[in-house]
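The values are calculated or read from the model by the stated rules, or taken from the named source; none is laboratory data. Here the structure is a predicted model, which is why all the values come from computation and not from measurement. Backbone-built Cβ (ideal geometry, glycine too); neighbour counts: all protein chains shown. Each accessible area value is taken on the protein alone, full model and side chains, heavy atoms only, with ligands, DNA and RNA left out. Shrake-Rupley method; radii C 1.70, N 1.55, O 1.52, S 1.80 Å.
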Amino acid sequence: MDREKLVEVRDLRISATNDDGDIIPIVKGVSFNIHKGEVVALIGESGSGKTTISLASLAYTKPGLHFAGGELLIGGEDMLQAEPLRTRDIRGSKVAYLAQSAAATFNPAITIGEQVTESAVLHGILTQEQANKRAVELYRALELPDPDRIGIRYPHQVSGGQLQRLMAAMALCGKPDLMVLDEPTTALDVTTQIEVLKAFKKVIHEEDSAAIYVTHDLAVVAQIADYIVVLYGGEVMEQGTSDQIINNPTHAYTQRLMAAVRPKPQAGLGTAVGAEHEREIPAIKVRDMTAGYGGIVNGEPKVPILRDINVEVKNGHVVGVIGESGCGKSTLARVMAGLLPQARGSIKLDDEELEGDLRDRRLEQLQKIQFVFQMADTALNPKQVIGDIIGRPLEFYHGLKGKKKHAKVVEILEMVELPAEFASRYPMELSGGQKQRINMARSLAANPEVMLCDEVTSALDSIVGANVIKLLTALRDKTGVSFVFISHDLSTVASFADEIVVLYAGRVVEQGPTDEVLTPPYHPYTRLLISSVPELRIGWLEDTMKKREMAVGIAKNVEITSIGCPFFSRCPMGIEGTCEKQNPPVRELKMGHQIACHRTIEELEEVEIEVQRALHEDEHAADQGEEGTLH
């Protein structure tokens, strides 16, 4: 049955005007259609025009851009020719936009319910009473906890994954025909991402609405998209059904994108550390550290986040820190950097104890530990040009000025694969991936010994992300810099880190060399994380959610506890009467591999053997099904 055509994009052209008055084409004659109940994914690397095209469906362009031609019809009406008042009506009633950052979308001073219903009431689509009822229905459809009461909470009182789904409820409340989803799962950890994808897919099909899904994560595209448009430099390289583009791409660029898809986390992906940077003394060492927020009372933080953490980073090594939202990954980096003084425990740099507060540390110590923040948008000063942003640490730590400083800025820009002319640009003139590289360049300018990278590749497409990892690997090999690499992207961690620290609810549940952590036996939580990484396979999401262990593990929130194993409420191997009442013993394996679990190594190995057997049976059944289809 042919679905009704909802959106028609015909020869869309968007241009920019530079300082000299020259017209620069940004989007160059893009055409595609969207039908009701269909999700069309726009994919391509940073700067390909994905977000620019998606915003055009709202008849909106970013400052400095303008529509140069073409048509964008929604329900037969050209958005680009509509009067401003009509455009506003269409935006309020027919099109809804979901931004990448839910935290930045919500007003922290207004309740969630008021914000979810505001647009539908303001545009006269629903009365307040109808909107409230509709909101509760959506909370249920999106599988949010306590749907009758979640609306009276404030944004800070729900988790990141819940806020992302509440943003979807906000967009759907006015029953729009089209939803524009701009990287809505990029900043989420793998288990939360599965929940959000499942909820989006369910609601879009139930509401018979349509969606434009902007992303650089092809494994996510395979789970949600019906149709894919591949973009490069503002032009369509290839378009077709998901099955066609994922399983049989014809254009060389699409094939390159597919080849750059992050592999499933597995042993043997990492690169060896050069012996020339080896030292007996670790670059940074954390011992028996407890930290949290709200001040310290009797040696304990009022709001505890991390408890009894022991981690060390050898010189020239990469330690990957993985775990879900709220497990304490960023807090660990903040303590190392001195942004958050610990309540108990010690931090040593080159075997020299550091003060907890960065204000009490020497300039040399500050220079040796550099923090690369997750959100480049908020980390870079929008009023400063790139040359000044990178030049600041050069001047502050190394005393460089004038021509010497400018020459070093150009050299650092080349290191992060950006042209020298970027030195005179402002952050708003750069794409998300370019901004993230500037964010890293600023830290590199200090010439640090330890770099604390907080989710630095989460906003980057697979090709740019892979290039950044290559760049960081080359820097490590050349300079011996150590990295604490915080990420929810397990594939990147597996390919880059020498050692992995698995955090759950503020405690280390497993740590050791990467190949040992990714090879059996697994801690039950490590296994859940690895099996939650989306595969570039259509139908993976549905297959994954059928597994009882996954459904139980994913559906619960992270709860920080002081007694017992915090993973007990989600663990398929929990021992009642033991796990929730006693802290798990730390079991030592070979090569410094440690697992904190009440189960013995033999029991964990048995479960892993069963999991692998079940996987082989599933694969065999799938192969049999395919053979049947072919016959």
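Considering only 370, 494, 452, and ranking their Cα positions along the charge dipole of segment 275-519 that arises from unit charges at the beta-carbon of Lys, Arg, Asp and Glu, the one farthest toward the positive end is 370. Taking trypsin sites (Lys or Arg not before Pro) across segment 318-372, the ones in a DSSP loop with at most 15 further Cβ atoms lying within 10 angstrom of their Cβ are 362. For segment 275-519, the spherically averaged projection of the C-alpha convex hull amounts to 13.3 nm².
The dipole here belongs to segment 369-446: it is taken about the Cα centre, uses +1 on the Cβ of Lys and Arg and -1 on the Cβ of Asp and Glu, and is about 280 debye.
Of all lysines in the structure, those lying under 24 Å Cα to Cα from residue 36, and not within fewer than 8 positions of it along the same chain, are 5, 50, 94, 175, 198, 201, 202. Per residue, the chain exposes 44 Å² of accessible surface when a 1.4 Å probe is rolled over the protein heavy atoms with every protein chain present.
Whole-Hz Karplus values for segment 67-79 come out as 6, 9, x, x, 10, 9, 9, 10, x, x, 9, 7, 5 Hz, taken residue by residue from phi with 6.51 cos²θ - 1.76 cosθ + 1.60 and θ = phi - 60°; glycine and proline positions read x. For the chain, the fraction of 1.4 Å probe accessible surface lying on carbon and sulfur atoms is 49 percent.
Rg over Rh for segment 78-209 works out to 0.96, using Cα positions for both radii and the Kirkwood form for Rh. With a bin width of 10 angstrom, please list the P(r) values of the chain as percents of all Cα-Cα pairs, from the 0 bin to the one holding the largest distance. Spelled out bin by bin, the chain gives 3, 15, 25, 27, 20, 9, 2, 0 percent. Counting charges near residue 292 (Lys, Arg +1; Asp, Glu -1) among other residues having Cβ under 10 Å from its Cβ returns a value of +1. Summing charges over all other residues whose Cβ lies under 12 Å from the Cβ of residue 513, with Lys and Arg as +1 and Asp and Glu as -1, gives -3.
Simple point charges give the picture: +1 on the Cβ of Lys and Arg, -1 on the Cβ of Asp and Glu, and for the chain a dipole about the Cα centre of about 1720 debye. What the pair-distance distribution of segment 5-260 shows, using all Cα-Cα distances binned every 10 Å from zero, is 7, 30, 35, 21, 6, 0 percent. Adding -39500 (n - 2.57) for every DSSP H run of four residues or longer, then dividing by how many residues the chain holds, sets the calculated 222 nm ellipticity at -11500 deg cm²/dmol. Over 25 Å between Cα atoms, which of 302/435; 404/470; 314/478; 368/404 qualify? Over 25 Å apart, Cα to Cα: 302/435; 404/470. In order along segment 374-381, the phi-based Karplus estimate (6.51 cos²θ - 1.76 cosθ + 1.60, θ = phi - 60°) of 3J(HN,Hα) comes to 5, 9, 4, 4, 8, 7, 9, 6 Hz; Gly and Pro are listed as x.
May I ask for the distance between the Cα centers of segment 468-538 and segment 10-76, given as a whole number of Å? Here the two parts' Cα centres lie 37 Å apart. Summarising the amide proton neighbourhood of residue 504: residues at separation of 5 or more, or on other chains, whose placed amide H is nearer than 5 Å comprise 509. Which of the helices in the chain meet the span-like rule: DSSP H, Cα axial reach of 24 Å or more, Kyte-Doolittle mean at least -1.0? Those that clear 24 Å and a mean of -1.0 are 190-207, 462-479, 601-630. Along the Cα→Cβ direction, 7 angstrom out, place labels at residue 470 and residue 110. What is the inter-label distance in nm? Between residue 470 and residue 110, the simple spin-label model gives 4.6 nm.
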